[in-house]
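Chemist: Below you'll find the structure I mean.
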Amino acid sequence: MDFNATLVGQLIIVFALVMGCICYYLGRRKTQSPILAGVIGAGLSIVPILGLVYLVVLVLVLKKDIELTPTVVNG
């Protein structure tokens, strides 16, 4: 079976973008810096197994969602 390197590269890029979005969403709920969580998720997803391991860490290790404190506007 012949693998096309361009197709494999495109699949990895799409996978990294999807994983970055999922990690951003989870990072919004479970961390103080969701953009960093998304960037790390997308970067690690270039090697797909690392991206999946990072996703498992976000889901299972960081079990508690952060509590959003309501902001009070003075004035």
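None of the figures in this text is laboratory data; all of them are computed from the coordinates on show. Bear in mind the structure is a predicted one, so any value in this text is a computation, not a measurement. Neighbour counts run over all protein chains shown; Cβ positions are idealised from the backbone, glycine included.
Chemist: Based on the Kirkwood radius over alpha-carbon pairs, what is the Stokes-Einstein translational diffusion coefficient of region 5-61 at 4 °C with 1.567 mPa s viscosity, in µm²/s? Display every interim value, and only then the final one.
Modeler: Working: Rh = 11.0 Å.
The calculation lands on 118 µm²/s.
Chemist: Whole Å is fine, so just give me how far the alpha carbon centre of region 44-75 lies from that of region 5-30.
Modeler: Between the Cα centre of region 44-75 and that of region 5-30, the gap is 15 Å.
Chemist: Hey, got the dipole for the chain? About the Cα centre, +1 on K and R Cβ, -1 on D and E Cβ, debye to the nearest 20?
Modeler: Using only the charged Cβ atoms, the result is roughly 260 debye.
Chemist: Also: Cα axis of helix 34-44 to longest principal axis of the chain: angle in degrees, 0 to 90, nearest 10?
Modeler: 20
Chemist: What percent does the relative contact order of the chain come to when contacts are Cα pairs within less than 8 Å and at least six residues apart?
Modeler: In percent, rounded to a whole number, it is 29.
Chemist: To test your reading of the geometry: what angle, between 0 and 90 degrees and rounded to tens, separates the Cα axis of helix 5-30 from the longest principal axis of the chain?
Modeler: 10
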